Structure formats: C-alpha cells, structure tokens
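Read through the structure below, which is laid out as structure tokens, and then see the notes.
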Amino acid sequence: MKINSALPAALAAILVVAALRAQTPERPLPRLVEKDGRYALLVDGAPYLALAAQVRNSSAWPSIFQKLWPTLEYMNVNTVEVPVYWNQFEPQPRQYDCTLVDMLLSEARQHNVRLVPLWFATWKNGSQHFMPDWMKLDPGRYSHALDKTGQAVDSPSPFATASLEADKSAFAAFMGHLKEADPQRTVIMVQVENEPGNWGSVRDFSEAAQKAFEAPVPPEILKAMRAGAAAPAPTWQEAFGPDADEYFNAWSVARYVGQVAAAGKAVYPLPMYANAALRNPLRKGSPGQPGAPDNYESGGPTDNVLDIWKAAAPALDVLAPDNYQTDPAAYLKVFELYHRRDNPLYVPETGRPYNARFFFSALGHQAIGFSPSGGNTEGEFKPTEVSKAREDFLNPWAMNYRLIGPIQREIARLNFEGRLQAVAEEQGKFTQSLPFGSWNAVVSYGSSGRAPAAGNPSPTGRALVAQLDDNQFLVTGYYCRVDFRPAGTEKQRKSGKIVEGTGQTPSALIDGQWQHRQFLRVEEGTYENGAFKYSRIWNGDETDWGLKFADEPVVLRVLLATY
Ligand code: DGJ
C-alpha cells in the first residue's frame with residue numbers, strides 16, 4: 001500500500017485498512033513493565049520471551065523474506081527481527097510506501113511469529129546508506145559529520161536538523177501505519193536506527209557541533225555522569241577532559257535518536273530500543289579512530305556511556321548490545337553491564353555458534369529476548385533448504401529455542417518474579433552453585449555423577465533452574481547434571497557454620513544435624529496453557545546421581561525433601 005496524501009487511491013486503501021481493522025479484534029498493546037528492577041515484555045497481556053533471529057539485512061526486499069521460513073522454522077523462533085529501509089519506505093519526500101511493511105505483517109501472521117522491525121534510517125552501522133536518494137543527493141541540507149580536519153566522513157551529522165525532522169516524520173508515518181494495520185500486535189517492539197554513531201571520527205566537528213561542544217554540558221548529563229566540576233556550568237572539555245569528545249558525541253547521537261523514537265511513540269507507543277556496536281568491555285579502546293587497533297564506533301550506546309543515553313533519550317526503553325565478543329569473559333561482561341535496574345537485557349544480535357550456550361546466561365540476566373543474527377555468522381540465515389551443513393551451523397541456536405519455546409511464557413513469568421537462575425558452562429569451571437534459599441542447585445558439567453565433574457570436551461553445558469515453590473523446582477538444560485543440596489535457613493546460612501557433605505547424595509551438616517536431599521517426585525513434562533503436564537516420572541537410575549541432561553530437550557518438575 002502507498003500513502004500519498006494527494007491521491008484518492010490512498011483514501012480507498014485507508015478505507016480497506018479501516019474495514020479490515022473493524023473485523024480484527026484488538027489485542028492489548030505490547031509494553032514493558034518493571035518491578036523491583038526486574039522487567040517483563042508483555043505481549044497479549046502476559047510476559048513473553050522473544051526467541052528471535054535477525055534476517056540477513058542488507059538488501060532483502062521484497063522477495064527474500066518469504067524464502068527464509070524453512071530456516072526460521074528450523075530455528076524454532078517465535079519472533080523475527082527484520083529491517084524496514086527508509087529509502088524504500090519514503091522514495092519521494094512525504095510519499096510513504098508501506099508495501100514491504102504489509103508484506104512482512106502478513107507473512108509473519110501466516111507463520112505465527114511476532115515481528116521486531118529495525119528502522120534503518122539516519123544510521124545503519126554508523127552511516128547514512130539507507131537514507132532516501134533525495135537526501136543523499138542534497139548533502140548540504142542533510143549533512144554529514146565532519147572530522148577534526150573538516151573532512152566529511154561517511155556518517156550523518158547529529159546536528160543536521162533537516163535530517164532529524166525528516167526522520168521523525170518518516171518514523172511517525174511508519175508507526176502510524178502500524179497502528180492502523182496491526183491491531184493483532186504482530187509487531188511487539190521496534191528498533192530505532194541501527195548501531196548509531198560514528199566509526200570515522202570521535203565526534204562531529206561541524207560548526208553547529210563545535211558551538212554545542214563549547215557550550216555548557218546539559219545539567220541532566222552532568223547529573224547522569226555524576227560529574228562534579230571545577231567551574232559552574234562546565235563545558236564538555238572542563239567536565240570530562242579526555243572523554244569529552246566521545247561523551248559529547250554520545251549525547252549528540254542519543255538526543256537525535258531519542259527524538260525520533262519520541263515522534264514514533266507519540267503516534268503508537270510500542271516498546272523501543274537502540275542497539276549498540278560494542279567496544280570490548282574489558283579494554284578501553286579508541287572511539288571513532290579509524291585505523292586504531294581497537295577502534296570502536298563512537299557515540300553509540302556503548303557500556304561506558306549508557307548513563308548519557310538514558311538521560312538524553314528517555315523515549316528509548318532499552319539500550320541493547322549486539323554481542324559479537326569472541327572472548328567468553330568479555331561476552332558475559334556485556335550482559336552484566338547492560339542488565340541494569342533501569343535497563344532490561346535484550347540481545348538484538350549475536351553470533352558464532354560457540355556462543356549459543358550463553359543464551360542461558362542471558363536468561364540468567366532476565367533477558368526479555370535474544371536474537372542470533374544473519375549478519376555476521378558464517379552460515380547466515382539464507383533462504384535455502386536446511387542442508388546438513390546448515391543444520392550444524394543452526395543447531396546450536398535452534399536447540400535452545402526447541403527446549404524453551406514450548407515454555408517461554410512460564411520462563412518469562414518466572415524470570416519477572418525473580419524465581420529463575422540460568423547459567424552456561426565456562427572453560428575450566430566444572431560446577432556452579434545457584435542459591436535458592438533453603439536449597440542450593442548444583443550444576444555440574446562433564447560428570448557421570450560417580451566421578452568428580454571434569455567439564456565437557458568443549459564448553460557446551462547450560463542449565464536453568466526456577467523455584468516454583470519452597471521445595472519444588474523447574475529444571476532443564478543441555479550437557480549438564482543438576483542436583484540440589486540442603487542449605488538451611490537464612491539464619492543458619494548466615495552462621496557460616498554449614499558443612500557440605502561429599503557423598504553421592506548431596507547433604508549438609510547444619511546445626512550439628514546432617515540433612516540429605518531426597519527426590520520426592522521428578523516429572524518430565526511441559527506446560528500447556530499455563531499448566532504443567534507431565535508425561536512420565538523419573539526415578540532409580542535416572543535420579544540416583546542427580547538429573548542428567550544430554551542433547552535432547554527435556555523439562556523436569558522436581559519436588560524435594562530432606563532426610
Ligand atoms: C551489526 C549490524 O547491526 C548488522 O546489521 C550487521 O551489519 C552486522 N553488524 C555485521 O554483519
């Protein structure tokens with residue numbers, strides 16, 4: 001469908017949408033809720049875990065999307081991240097083409113998945129490559145950022161007000177169309193821009209930018225960065241010294257993206273996030289210094305400027321890491337830094353199958369969603385039949401969703417209630433203990449139960465434990481063994497006098513009494529309409545050495561007692 005305010009055809013099309021809308025029951029608006037620093041994404045009014053994948057995004061319209069379903073179905077996704085391109089959406093000023101959006105909506109509904117559109121507009125990986133041609137051909141008006149030497153770089157200026165106004169209008173039109181065309185709430189969240197920032201320069205040195213750089217730092221930024229200052233109303237340089245350029249750029253870009261988000265939210269208030277091209281959180285790095293060994297994109301929501309983004313772009317609900325870290329320690333550090341009291345963890349992009357186990361670590365950080373992406377992964381999510389080679393590539397991700405998909409609503413609810421812990425195997429760490437009040441869940445990797453845990457041949461283990469009741473737990477995972485050890489009362493735990501037993505059955509000496517774990521009931525099953533339905537009971541060999549999980553999707557409900 002095309003919207004052009006002048007043409008009667010548009011009127012007819014709008015009437016069609018209105019008629020369709022009248023027939024379609026309206027679902028509750030997807031929204032983010034927070035309680036005690038924990039978040040849930042409510043879809044159809046209940047907590048929802050986005051088990052997503054991002055489709056290859058460089059040039060996909062309109063046809064490729066339809067061919068991707070074999071791969072997406074093999075992945076067991078319930079959500080698909082897919083780009084909407086500004087240059088396709090607004091080929092002529094104020095003429096909005098919704099054909100791609102409508103195709104995405106109908107395809108997603110046919111395949112019973114939800115959508116997270118990625119608004120590729122002013123920024124895509126730091127550059128303006130998805131801006132409409134009529135803007136690219138008018139760089140005077142829709143200006144680029146300038147580097148220190150006054151050279152234009154391949155990045156839009158956050159001070160180009162004409163670009164900002166155009167992006168706000170186009171995004172508002174896009175959100176307006178969703179509001180009209182999607183009462184089913186197929187779209188549950190929207191990404192505003194893509195990895196905004198600047199790879200080619202630490203900041204914009206254009207005249208408008210320089211003027212703002214020499215002006216006092218906005219008080220809300222000083223407050224957010226807890227920056228005391230020698231002078232009242234300090235300039236960026238006075239307040240932040242060597243970090244001034246980068247912090248200024250983060251403010252400039254965040255303010256811009258925040259205004260675009262606000263313009264869209266004013267029309268249709270779906271949850272919105274911005275995604276970050278990360279720096280390595282364990283190293284300082286060099287922002288916007290092309291050629292520097294650890295150059296990273298300057299101005300995006302990297303971990304060191306999240307406070308600036310939160311203050312400068314309040315319309316954004318989430319700042320989300322594109323986690324491609326290859327070093328496991330850095331990969332996990334990212335989750336720690338982005339999971340904040342004011343920021344739920346959403347992972348819009350990640351890659352490399354050896355990181356697939358860390359989906360469980362993300363759940364351990366109460367992630368509201370997770371999405372391996374087609375961008376940076378050897379196999380990419382191409383529209384081909386799922387060949388053997390592809391299975392090997394896709395399976396590490398697909399097996400996570402195969403397991404969690406059927407129970408994702410419960411997982412999202414239990415995480416929101418703070419009852420869930422989840423972990424993944426780390427090199428050289430053979431056991432992990434998860435405290436649940438009077439019980440510790442003990443996860444071990446590469447253990448037969450009889451011999452001490454020695455880790456899996458390669459670190460593939462992952463486990464999830466959720467407390468359903470004082471002595472009842474939901475347990476699942478892959479390539480691990482889970483058992484439970486009595487942990488005493490809070491007072492007894494605080495005494496620090498508890499001695500852990502070393503026998504086959506986990507036990508503890510608490511106040512001079514040995515307490516041993518016993519399984520009262522271990523049920524294999526799943527959830528149907530919110531109720532646990534068990535298919536069989538585990539006992540004997542299957543429980544004598546704890547609960548073993550291999551490569552098949554198994555969910556257990558476990559009732560414990562002590563003797
Ligand atoms: C991160 C970007 O967000 C993606 O769109 C893609 O370009 C990958 N990088 C790399 O392929």
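The values are calculated or read from the model by the stated rules, or taken from the named source; none is laboratory data. Note that the structure is a prediction, hence the values are computed from the model and not measured. Positions of Cβ are generated from backbone atoms using ideal geometry, with glycine treated the same way; all protein chains shown enter the neighbour counts. Each accessible area value is taken on the protein alone, full model and side chains, heavy atoms only, with ligands, DNA and RNA left out. Shrake-Rupley method; radii C 1.70, N 1.55, O 1.52, S 1.80 Å.
Here are the numbers:
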item	result
Selection status of D342, over 13 Å from the mean Cα position of the chain (by Cα), more than 17 Å from W199 (Cα to Cα) and either within 16 Å of the ligand (Cβ to nearest atom) or open to solvent by 10 Å² or more (accessible area, probe 1.4 Å) (or both)	yes
Residue under evaluation P183, criteria (1) open to solvent by less than 10 Å² (accessible area, probe 1.4 Å); (2) part of a loop (DSSP other than H, G, I, E, B); (3) farther than 30 Å from V80 by Cβ, criterion not met	(3)
Unmet requirement for T543, which otherwise passes all of (1) more than 37 Å from the chain's Cα centre (by Cα); (2) open to solvent by less than 50 Å² (accessible area, probe 1.4 Å); (3) closer than 20 Å to F436 by Cβ	(1)
Qualifying residue in region 23-32 (condition: open to solvent by 50 Å² or more (accessible area, probe 1.4 Å), touching a strand residue (DSSP E or B) at 6+ places or on another chain (Cβ under 8 Å) and at pLDDT below 60)	no
Matching residues, region 528-543, being within 12 Å of V558 (Cβ to Cβ) and hydrophobic (A, V, I, L, M, F, W, C)	F532, I537, W538
Flag if Y354 is outside any loop (DSSP other than H, G, I, E, B), modelled with pLDDT under 95 and within 17 Å of R462 (Cβ to Cβ)	yes
Total residues in region 259-280, condition polar (S, T, N, Q) and either in contact (Cβ under 8 Å) with a residue 60 or more places away in the chain or in contact with a Leu (Cβ under 8 Å, 6 or more places away or on another chain) (or both)	2
Meets criteria (buried (at least 16 other Cβ atoms within 10 Å of the Cβ), part of a loop (DSSP other than H, G, I, E, B) and of a type outside the set (V, I, T)) for S458	no
Residue within region 198-205 that is β-branched (V, I, T) and out of contact with any helix residue (DSSP H, G or I) (no Cβ under 7 Å at 6 or more places or on another chain) present	no
Residue in region 475-498 that is open to solvent by 40 Å² or more (accessible area, probe 1.4 Å), touching a Ser or Thr at 6+ places or on another chain (Cβ under 6 Å) and either in contact (Cβ under 8 Å) with a residue 40 or more places away in the chain or not in a strand (DSSP E or B) (or both) present	yes
Pair list, Cβ < 6 Å and 6+ apart or interchain, from region 56-84 residues that are closer than 23 Å to M175 by Cα and away from the ligand (no atom under 16 Å from the Cβ) to residues that are open to solvent by 50 Å² or more (accessible area, probe 1.4 Å) and at pLDDT below 90	none
Of all residues making up region 288-330, the number that are part of a helix (DSSP H, G or I), touching a strand residue (DSSP E or B) at 6+ places or on another chain (Cβ under 6 Å) and buried (at least 24 other Cβ atoms within 10 Å of the Cβ)	1
Every residue from region 186-211 that is in contact with a Lys or Arg (Cβ under 9 Å, 6 or more places away or on another chain), among the hydroxyl-bearing types (S, T, Y) and surrounded by fewer than 24 Cβ atoms within 10 Å (Cβ to Cβ)	T186
Test: Y354 is within 16 Å of the ligand (Cβ to nearest atom), among the aromatic types (F, W, Y) and surrounded by fewer than 24 Cβ atoms within 10 Å (Cβ to Cβ)	no
Total residues in region 109-162, condition free of Cβ contacts under 8 Å to residues at least 60 places away in the same chain, over 30 Å from T186 (Cα atoms) and not in a helix (DSSP H, G or I)	19
Some residue of region 270-279 being assigned to a loop (DSSP other than H, G, I, E, B), under 16 Å from V318 (Cα atoms), open to solvent by 10 Å² or more (accessible area, probe 1.4 Å) and among the aliphatic types (A, V, I, L, M)	yes
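Yes/no per residue for (1) open to solvent by 50 Å² or more (accessible area, probe 1.4 Å); (2) over 19 Å from E180 (Cβ atoms):
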site: V84; (1), (2): no, no
site: E90; (1), (2): no, no
site: D97; (1), (2): no, no
site: E107; (1), (2): no, no
site: H111; (1), (2): yes, yes
site: W123; (1), (2): no, yes
site: F130; (1), (2): no, yes
site: Y142; (1), (2): no, yes
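Table: residues versus (1) within 16 Å of the ligand (Cβ to nearest atom); (2) closer than 29 Å to R114 by Cβ; (3) touching a His at 6+ places or on another chain (Cβ under 6 Å).
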| site | (1), (2), (3) |
| --- | --- |
| P242 | no, no, no |
| S252 | no, no, no |
| V257 | yes, yes, no |
| A263 | no, yes, no |
| R279 | yes, no, no |
| L282 | no, no, no |
| P293 | no, no, no |
| T302 | yes, yes, no |
| L319 | yes, yes, no |
